[in-house]
Protein chains: 2
Amino acid sequence: MPQPAARTRLPRAERRAQILTAATRAFARHGFADTGLDEIAEEAGVTRVVLYRHFDSKAELYRTILDQACSRLAERVGTDDFEDDAIPALLGAAAEDPDAFRLLFRFATREREFQDLTDSLSAAAVTVARSNLAKQIPDGPWLDWAAQLIPTLTTDAVIAWLDSGQPDPDTAAERIRAAIHGISQAAAQPPPSSS
Amino acid sequence: MPQPAARTRLPRAERRAQILTAATRAFARHGFADTGLDEIAEEAGVTRVVLYRHFDSKAELYRTILDQACSRLAERVGTDDFEDDAIPALLGAAAEDPDAFRLLFRFATREREFQDLTDSLSAAAVTVARSNLAKQIPDGPWLDWAAQLIPTLTTDAVIAWLDSGQPDPDTAAERIRAAIHGISQAAAQPPPSSS
DNA sequence: ACGGTTGTATACATGCGAGTAAACATACGT
DNA sequence: ACGTATGTTTACTCGCATGTATACAACCGT
């Protein structure tokens, strides 16, 4: 039997879970629009028909994945405020499910149809960053600049950390913190006295 | 005449150019897949049919835009090496055509069908960053990390600069440079001797 | 005033991926 | 051994955005 890959026939709940992880992996490569159902089915080692026995549509499957990812993230990092240990928490979440993290921050945040799911997240991040920076940076474009840049820098740094093989998380947290500090320092430079 | 918007009837070449800029604006909002032809047509103040009198397909239109954007970028920044004035050059290019810049770095780099157009660009950026960092950072995951992160940080910083209203470009260049420096410093920290 | 160019309107063609249906196959619990 | 749950196969339907065809309208140079 040259088919050692997938053990067929899982109980419903497990199959569902397995489809979710497989789909997350598949979507994490090219996002929603550029990932076909057949691709997902193949990734799960299953026929396209089976997908529909567990999810009503491609969109519902995707939303389920995104919901789950957001929930887990909120669970680890906290919704409202970003404590001092937010970065280690973020790294933890990313390490726990790298595909979900990549999917969320590399693709989902840019996808029209699903921005309702990610907007609150992003907006919150920017707001928090902004309020943290407000102590050091006067109101104006440079505050906007830093407040927008820092959240994306953070998630990009985490993704780069994943891509580079997840070296020591404590060091990573330290360095990401330093990078963020670098930005806020840069933005807090002596007022743009020009020349 | 309740139609003050678009002056109709342009000579062919100008119409083509106008379509290109309008399409760039439209695509820059949600990328290739999530932007319909009707949206583009409306943005150009023209019927969908007219688009096809100038371009064979949506894909060809998109590739034309991307080609142009890449060319202009290369023209300003240089293909091979990143001189010291690369950042001001990048800011200049972004200011000259913000939509194209956003389109290129926020969407096109993540779109499956067009990665052939952007991959060389991205790959070059990472390589250059890497060689620049190699002086300060030993080979290993942290070098990978910084080499991947710095290019994306740079383009994200430029986009954030655009979004915040393009305050003084010289200051911006300075601050982006500082942010980059921050990353490379962070990555060059004393070897991960760990706790 | 005429011929070509540019644009409009409208209706249609087409393809592709999502989604459905129905018949068959086989593991698994009991 | 039997019935149910799970999965496969195959062959569909369907919607929708892309792409096309045709006839009409108006501007523009000469």
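The values are calculated or read from the model by the stated rules, or taken from the named source; none is laboratory data. Computed from a predicted model, the values in this text were never measured in an experiment. We place every Cβ from the backbone using ideal geometry, glycine too, and count neighbours over all the protein chains shown. Each accessible area value is taken on the protein alone, full model and side chains, heavy atoms only, with ligands, DNA and RNA left out. Shrake-Rupley method; radii C 1.70, N 1.55, O 1.52, S 1.80 Å.
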Exercise. Could you check, for the range B:130-140, whether at least one of its residues is open to solvent by less than 30 Å² (accessible area, probe 1.4 Å) and at the interface with another protein chain (Cβ under 10 Å from one of its Cβ atoms)?
Key: yes
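Which residue out of A:Ala69, A:Ala41 is aliphatic (A, V, I, L, M) and closer than 25 Å to B:Phe114 by Cα?
Testing whether each residue is aliphatic (A, V, I, L, M) and closer than 25 Å to B:Phe114 by Cα leaves just A:Ala41.
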Quiz prompt | Only listed residue being open to solvent by 30 Å² or more (accessible area, probe 1.4 Å) and free of Cβ contacts under 8 Å to residues at least 12 places away in the same chain, chosen from A:Ala33, A:Ala13 | solution = A:Ala13
Practice problem: For the range A:17-29, state whether one or more residues are more than 9 Å from DNA strand C (Cβ to nearest atom), within 14 Å of chain B (Cβ to nearest Cβ) and touching a Ser or Thr at 6+ places or on another chain (Cβ under 6 Å). | Solution: yes
Practice problem: Can you run down the residue pairs with Cβ atoms below 7 Å, 6 or more apart or on separate chains, where the first is in the range B:108-129 and more than 14 Å from B:Leu66 (Cα to Cα) and the partner is surrounded by fewer than 16 Cβ atoms within 10 Å (Cβ to Cβ)? | Solution: B:Val128/B:Asp81
Quiz item: In the range A:27-78, what residues are of a type in the set (Gly, Ala, Ser) and touching a Gly at 6+ places or on another chain (Cβ under 9 Å)?
Solution: A:Ala33
Self-check item: Long-range neighbours under 8 Å by Cβ, at least six apart or interchain, first residue within 16 Å of DNA strand D (Cβ to nearest atom) within the range B:60-78, second of a type in the set (Lys, Arg)
Solution: none
Self-check item: Residues that are more than 9 Å from the chain's Cα centre (by Cα), under 24 Å from B:Ala28 (Cα atoms) and surrounded by 15 or more Cβ atoms within 10 Å (Cβ to Cβ), drawn from the range A:67-112
Solution: A:Arg110, A:Glu111
Quiz item: For A:Thr118, are the conditions met, namely being open to solvent by less than 10 Å² (accessible area, probe 1.4 Å) and farther than 23 Å from A:Arg175 by Cβ?
Solution: yes
Exercise. Output the number of the condition that B:Thr8 fails; it satisfies all remaining conditions of (1) out of contact with any Phe, Trp or Tyr (no Cβ under 8 Å at 6 or more places or on another chain); (2) polar (S, T, N, Q); (3) closer than 26 Å to A:Phe105 by Cα.
Key: (3)
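Can you confirm whether B:Glu39 is within 16 Å of DNA strand C (Cβ to nearest atom), under 30 Å from B:Arg175 (Cβ atoms) and within 14 Å of chain A (Cβ to nearest Cβ)?
no
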Quiz prompt | Leading residue by the ranking (most open to solvent (accessible area, probe 1.4 Å)) among those in the range B:147-171 that are at the interface with chain A (Cβ under 8 Å from one of its Cβ atoms) and of a type in the set (Gly, Ala, Ser) | solution = B:Gly165
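Can you name the residue in the range A:1-10 that is modelled with pLDDT under 95 and open to solvent by less than 100 Å² (accessible area, probe 1.4 Å) and, of all such residues, is nearest to DNA strand C (Cβ to nearest atom)? It would help to see each step written out before you state the result.
Initial filter on the range A:1-10 (modelled with pLDDT under 95): A:1-9.
With the extra rule that they be open to solvent by less than 100 Å² (accessible area, probe 1.4 Å), the set shrinks to A:5-6.
Working: A:Ala5: 15, A:Ala6: 13 Å.
My answer is A:Ala6.
Conditions (1) within 24 Å of B:Asp156 (Cα to Cα); (2) within 14 Å of chain B (Cβ to nearest Cβ); (3) at pLDDT 95 or above, marked per residue:
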| residue | (1), (2), (3) |
| --- | --- |
| A:Glu75 | no, no, no |
| A:Asp80 | no, no, no |
| A:Ala86 | yes, no, no |
| A:Leu90 | yes, no, yes |
| A:Ala93 | yes, no, yes |
| A:Glu96 | no, no, yes |
| A:Phe101 | yes, no, yes |
| A:Phe107 | yes, yes, yes |
Practice problem: Evaluate the following for A:Ala59: is it more than 28 Å from A:Ser164 (Cβ to Cβ) and open to solvent by less than 30 Å² (accessible area, probe 1.4 Å)? | Solution: yes
